[in-house]
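The values are calculated or read from the model by the stated rules, or taken from the named source; none is laboratory data. The model shown is predicted, which means the values in this text are computed figures rather than measured ones. Glycine gets a Cβ as well: all are built from the backbone with ideal geometry, and neighbour counts include every protein chain shown.
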Amino acid sequence: MKRIAVVGASLAGVRAAQELRAQGYDGGVVLIGEEQHLPYDRPPLSKAFLAGTASAASLELLDAGDLASLALDFRLGVRATSLDPSERRVWLSDGGSVHADGVVIATGGRARTLPGFESAFVLRTLDDAVALRAALVPGVRVAIVGAGFIGAEVASTCRSLGLDVVVLEALPAPLAPVLGPELAAVCARLHADHGTDLRCGVGVSGMSEAGVHLADGSLVPADVVVTGVGMTPATDWLAGSGLTVSNGVCVDAGLVTELPQVVAVGDVARYGGRRHEHWTNASEQAPVAVANLLAGRTSRTYTPSGYVWSDQYSGTLQLAGHPRPDDSLSFVDGDPSSSSFVAVWQRDGSTVGVFALNNAKLFNRLRRPLRQPAVV
Ligand SMILES: Cc1cc2nc3c(=O)[nH]c(=O)nc-3n(C[C@H](O)[C@H](O)[C@H](O)COP(=O)(O)OP(=O)(O)OC[C@H]3O[C@@H](n4cnc5c(N)ncnc54)[C@H](O)[C@@H]3O)c2cc1C
């Protein structure tokens, strides 16, 4: 292969570019990114960067040494608009195109928006974080729609800035489908303990300058409204490519699409029927996807660890594995009312998931032997 195009210049794309070099590929690597910025890390956007304690420069994924050794051909500030596999060409929003023998799709996703909340802040990109940070001036009242990981972290950061925060969640408890009711109650407690007004089971109908309007007609007064309601995979540019796209780019167990010269990694890749929107997943897929791309076939398969962490208030939450609602949960250290505990999910006598609040040491020990699901 003379040239490989990596589309999406964020974590998964950067890891793929690094892995191409690590696996001995010495052809051209073109890294195409819609954002103007050099690749940066997103997790601090809702934490230290939003709090004003980390700079944009500290988020960069590649330092000067990496940039020199990787010898990447950056095309930043341009969007890939289509992929023509028969011509082996990626078309760009500036009218240009890149001829590539191989393509890594790493376009992640965009913040989902809610009807009636078009003028709300969202948090996906550095530009989003800069805009939100500027709005978080002393005295503003913040309303956050959605108590998932991003919503909870934004609430936590806003509280650390001394702001009044209301979180509006449609579910009966935050993160209940992921964590189950007992651990979801722990997340709710974290909000309450730190002065966030969490309201669950509420519907929202829209926003105005006065705040957020609820489905029952009442108003939650707010000066700053943030929606944290998930993301939509960025696959629009693949229309007409012939690739199967359905809530992500569908790939096999080796992250290869139906075309052996096209692989997908990160938040946009859908394998085994699902996508994972977590940092570790986006980072760990590159070695497998790149090996298969260079081999021209699926020679290795990817095993997801299902690891995610989240920093909320005084707590670091860690989750590994793929627990299901019918798995049995037990506490192996501490209990849900304490500030530090570890819980495991079991199925048929095996541990299938581990969750910890402020106990990384035991968490890491227990997650090692986790039974991994087969990717079909
Ligand atoms: C605020 C925030 C906090 C987070 N915190 C955590 C955390 O604490 N723990 C955790 O496990 N995970 C966290 N995550 C999730 C983690 O950051 C993501 O899983 C990771 O960024 C996914 O990387 P990616 O490269 O697959 O996709 P993305 O990071 O979404 O990057 C995709 C890139 O592709 C670009 N792109 C899209 N379409 C095109 C196109 N057509 N042409 C060119 N470029 C395109 C986009 O502009 C973007 O730069 C957080 C995410 C956010 C947003």
Looking only at segment 319-352, which residues are surrounded by 20 or more Cβ atoms within 10 Å (Cβ to Cβ), of a type outside the set (Val, Ile, Thr) and at pLDDT 95 or above? 319, 320, 341, 343, 345
Please enumerate the residues belonging to segment 64-88 that are more than 12 Å from the ligand (Cβ to nearest atom), outside any loop (DSSP other than H, G, I, E, B) and in contact with a helix residue (DSSP H, G or I) (Cβ under 7 Å, 6 or more places away or on another chain). 70
Within segment 296-317, does at least one residue satisfy the condition of being of a type in the set (A, V, I, L, M), under 19 Å from residue 12 (Cβ atoms), surrounded by 16 or more Cβ atoms within 10 Å (Cβ to Cβ) and at pLDDT 95 or above? yes
Assess whether residue 154 counts as being outside the structural domain of residue 210 (by TED's automatic domain parsing), within 15 Å of the ligand (Cβ to nearest atom) and either assigned to a helix (DSSP H, G or I) or not small (Gly, Ala, Ser) (or both). no
Which of (1) assigned to a strand (DSSP E or B); (2) under 20 Å from the mean Cα position of the chain (by Cα) is the odd one out, the single condition residue 91 does not satisfy? (2)
In the set 28, 8, 65, the lone residue that is out of contact with any strand residue (DSSP E or B) (no Cβ under 8 Å at 6 or more places or on another chain) and at pLDDT 95 or above is 65
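For every residue, the table says whether it meets (1) under 30 Å from residue 366 (Cα atoms); (2) small (Gly, Ala, Ser); (3) in contact with a strand residue (DSSP E or B) (Cβ under 9 Å, 6 or more places away or on another chain).
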| position | (1), (2), (3) |
| --- | --- |
| 220 | no, no, yes |
| 242 | no, yes, yes |
| 249 | no, no, yes |
| 253 | yes, yes, yes |
| 271 | yes, no, yes |
| 285 | yes, no, yes |
| 293 | no, no, yes |
| 323 | yes, no, yes |
| 328 | yes, yes, yes |
Which condition breaks for residue 107 when tested against (1) in contact with a Pro (Cβ under 9 Å, 6 or more places away or on another chain); (2) surrounded by 18 or more Cβ atoms within 10 Å (Cβ to Cβ); (3) part of a strand (DSSP E or B)? (3)
Name the single residue, out of those in segment 269-280 being modelled with pLDDT of 95 or more and not in a loop (DSSP other than H, G, I, E, B), that is farthest from the ligand (Cβ to nearest atom). 270
For segment 255-268: of the residues being within 16 Å of the ligand (Cβ to nearest atom) and part of a loop (DSSP other than H, G, I, E, B), which is surrounded by the fewest Cβ atoms within 10 Å (Cβ to Cβ)? 257
Can you tell me which residues in segment 325-352 are part of a strand (DSSP E or B) and touching an Asp or Glu at 6+ places or on another chain (Cβ under 7 Å)? 329, 341, 342, 345, 346, 347, 352
Would segment 222-237 turn up any residue that is in contact with a Leu (Cβ under 7 Å, 6 or more places away or on another chain) and without any contact (Cβ under 8 Å) to a residue 60 or more places away in the chain? no
Taking segment 19-48 and keeping residues more than 9 Å from the ligand (Cβ to nearest atom), part of a helix (DSSP H, G or I) and crowded, with 21+ Cβ neighbours inside 10 Å leaves 19, 20
Filtering segment 285-324 down to residues that are outside any loop (DSSP other than H, G, I, E, B) and free of Cβ contacts under 8 Å to residues at least 60 places away in the same chain, which residue is farthest from residue 19 (Cα to Cα)? 316
List every residue pair whose Cβ atoms sit under 6 Å apart, with the two residues 6 or more apart in sequence or on different chains, where the first one lies in segment 128-142 and is surrounded by 13 or more Cβ atoms within 10 Å (Cβ to Cβ) and the second, anywhere, is acidic (Asp, Glu) and not in a loop (DSSP other than H, G, I, E, B). 141/164
Qualifying positions in segment 49-60 - in contact with a helix residue (DSSP H, G or I) (Cβ under 7 Å, 6 or more places away or on another chain) and surrounded by fewer than 18 Cβ atoms within 10 Å (Cβ to Cβ): 51, 52, 54, 56
